[in-house]
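What follows is a set of notes on a single structure, which appears directly below.
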């Protein structure tokens with residue numbers, strides 16, 4: 001047996017063991033009490049804060065490697081942890097613990113004429129495989145959300161954040177141990193071998209019930225192409241902000257700048273600005289100037305180039321591109337219908353926003369833009385489970401089956417029917 005074959009076989013055996021352990025843990029988690037799960041999350045938050053120096057040291061290794069590899073600044077920012085961000089991760093765990101437990105919630109109940117009593121009740125999905133790239137905070141968010149919903153989690157983070165993820169995962173395990181729950185409830189794949197991803201996508205011999213990819217287009221395309229289990233798809237965040245002729249300039253300028261520049265490397269960052277061509281020139285000009293002054297590269301159509309000499313000519317492929325950087329494409333469109341048409345053609349059904357003071361126009365946009373999240377007079381950067389009150393998210397699902405938008409604890413459950421009778425038999 002040559003070396004590649006031996007490594008592949010070793011990875012396959014490793015993943016089978018992880019899958020079997022997760023399957024066993026999922027049965028225990030399905031009957032875990034809310035108090036047990038919450039205790040694990042609170043203990044993990046405490047462990048995170050205590051381990052801050054270790055996590056920062058691990059993160060420094062990842063940051064150094066990313067810079068040495070010539071990764072762009074936006075990528076490094078997604079990877080970077082500091083004391084504030086680590087505390088934010090801990091707070092996120094505590095917020096998830098404070099959420100109502102979804103397991104066992106009665107979604108509906110009714111009684112049939114024959115006396116049968118029906119209930120539709122939330123239950124865990126089972127074992128969730130989460131495959132993600134450069135964000136180390138996903139290790140905590142995904143593990144915690146899966147646990148709260150009564151699921152086991154198999155986490156496969158990107159090689160770029162491996163050291164950080166290992167340090168964070170150790171805190172989650174400490175929390176599970178403190179609460180008396182199986183440590184295999186949240187497992188981190190210890191190898192960066194790509195075959196580990198392939199094994200997860202094949203379902204680990206029936207051990208994985210659903211896959212959640214969180215990353216770039218290449219990762220998602222691979223997952224959707226190879227997966228043999230259901231997938232919560234998270235496609236590119238090609239988010240648009242449309243400024244209508246009825247927009248309030250006092251709102252529009254800071255809102256667009258925030259939507260693009262608050263954090264350019266997240267999936268909720270606006271990548272394309274659309275402006276009503278029927279609006280006054282003094283609506284487009286100050287927005288473009290504010291973006292340029294804030295360090296954003298603006299690539300615009302002919303009308304946009306006229307308002308400021310610093311604007312670069314947009315190329316055809318700039319529309320429909322996820323820059324994940326301080327770059328934005330700008331285009332003037334023919335009113336709200338032009339914006340809706342542009343978004344339908346170039347968007348990814350992730351998050352799109354309109355800025356307008358006209359209620360009828362806002363409603364038209366809300367009703368006709370077919371995206372997971374549609375906002376009026378608010379930044380696209382609110383595309384975040386925490387901002388929705390979900391306590392966090394595994395990702396933003398852009399598909400239409402089972403889950404759409406931020407995938408929080410409720411979206412990580414399914415349901416079953418409980419039927420109670422008093423001896424009823426079905427007539428022949």
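The values are calculated or read from the model by the stated rules, or taken from the named source; none is laboratory data. Just so we're clear, the structure is a prediction, and the values are computed from it rather than from any experiment. Counting neighbours? That spans all protein chains shown, and the Cβs are built from the backbone with ideal geometry, glycine included.
If a residue has to be buried (at least 18 other Cβ atoms within 10 Å of the Cβ), touching a helix residue (DSSP H, G or I) at 6+ places or on another chain (Cβ under 9 Å) and free of Cβ contacts under 8 Å to residues at least 40 places away in the same chain to count, how many in segment 386-428 make the cut?
Residues meeting the conditions: 2.
Only one of (1) surrounded by fewer than 20 Cβ atoms within 10 Å (Cβ to Cβ); (2) farther than 30 Å from residue 236 by Cβ fails for residue 175. Which number is that?
(1)
Being surrounded by 15 or more Cβ atoms within 10 Å (Cβ to Cβ) and either within 20 Å of residue 358 (Cβ to Cβ) or outside the structural domain of residue 328 (by TED's automatic domain parsing) (or both): is that true of residue 276 here?
On the way: surrounded by 15 or more Cβ atoms within 10 Å (Cβ to Cβ): yes; either within 20 Å of residue 358 (Cβ to Cβ) or outside the structural domain of residue 328 (by TED's automatic domain parsing) (or both): yes.
Spelling it out, residue 276 is indeed surrounded by 15 or more Cβ atoms within 10 Å (Cβ to Cβ) and either within 20 Å of residue 358 (Cβ to Cβ) or outside the structural domain of residue 328 (by TED's automatic domain parsing) (or both).
What strands (runs of 3 or more DSSP E) lie completely within segment 37-141 and have 1 or more residues being in contact with a helix residue (DSSP H, G or I) (Cβ under 8 Å, 6 or more places away or on another chain) and touching a residue at least 40 places away in the same chain (Cβ under 8 Å)?
Numbers: elements: 106-111, 117-124, 127-132.
It comes to 117-124, 127-132.
Residue by residue through segment 352-372, note down the ones that are closer than 12 Å to residue 243 by Cβ and part of a helix (DSSP H, G or I).
Passing the criteria: 361, 365.
Only one of (1) under 25 Å from the mean Cα position of the chain (by Cα); (2) within 30 Å of residue 295 (Cα to Cα) is not met by residue 47, so which one is it?
Of everything listed in (1) under 25 Å from the mean Cα position of the chain (by Cα); (2) within 30 Å of residue 295 (Cα to Cα), residue 47 misses just condition (2).
Conditions (1) more than 18 Å from residue 354 (Cα to Cα); (2) in the same structural domain as residue 271 (by TED's automatic domain parsing); (3) part of a helix (DSSP H, G or I); (4) at pLDDT 95 or above, marked per residue:
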site: 295; (1), (2), (3), (4): yes, yes, no, yes
site: 298; (1), (2), (3), (4): yes, yes, no, yes
site: 307; (1), (2), (3), (4): yes, yes, no, no
site: 324; (1), (2), (3), (4): yes, yes, no, no
site: 329; (1), (2), (3), (4): no, yes, no, yes
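Six or more apart or on different chains, Cβ atoms under 9 Å: show the pairs whose first residue is in segment 295-306 and at positive phi and whose second is surrounded by fewer than 18 Cβ atoms within 10 Å (Cβ to Cβ) and not in a loop (DSSP other than H, G, I, E, B).
Cβ pairs passing all conditions: none.
With the requirement that a residue be in contact (Cβ under 8 Å) with a residue 60 or more places away in the chain and within 19 Å of the chain's Cα centre (by Cα), what does segment 202-228 give you?
209, 210, 211, 212, 213, 214, 215, 216, 217, 219, 223
Of the conditions (1) under 26 Å from residue 352 (Cα atoms); (2) in contact (Cβ under 8 Å) with a residue 12 or more places away in the chain; (3) surrounded by fewer than 23 Cβ atoms within 10 Å (Cβ to Cβ), residue 232 fails just one. Which one is it?
(3)
Picking from 82, 137, 114, which residue would you name as being surrounded by fewer than 22 Cβ atoms within 10 Å (Cβ to Cβ), at pLDDT 95 or above and within 26 Å of residue 215 (Cβ to Cβ)? Before the answer, list the steps.
Numbers: 137 fails: at pLDDT 95 or above; 114 fails: within 26 Å of residue 215 (Cβ to Cβ).
Unique residue meeting the criteria: 82.
Which numbered condition trips up residue 378, out of (1) under 21 Å from residue 233 (Cβ atoms); (2) part of a loop (DSSP other than H, G, I, E, B)?
It is condition (1) that residue 378 fails.
Step by step: first the residues of segment 344-361, then only those that are in contact (Cβ under 8 Å) with a residue 40 or more places away in the chain and over 13 Å from residue 237 (Cβ atoms), then the one that is nearest to the chain's Cα centre (by Cα). Which residue is that? Before you say what the answer is, go through the steps one by one.
Keep residues of segment 344-361 that are in contact (Cβ under 8 Å) with a residue 40 or more places away in the chain, which gives 346-358, 361.
From what's left, over 13 Å from residue 237 (Cβ atoms): 354-358, 361.
Values: 354: 22, 355: 24, 356: 28, 357: 30, 358: 31, 361: 29 Å.
Ranking the qualifying residues of segment 344-361, first place goes to 354.
From the residues in segment 216-229 that are touching a helix residue (DSSP H, G or I) at 6+ places or on another chain (Cβ under 9 Å) and crowded, with 20+ Cβ neighbours inside 10 Å, which one is farthest from residue 23 (Cα to Cα)?
223
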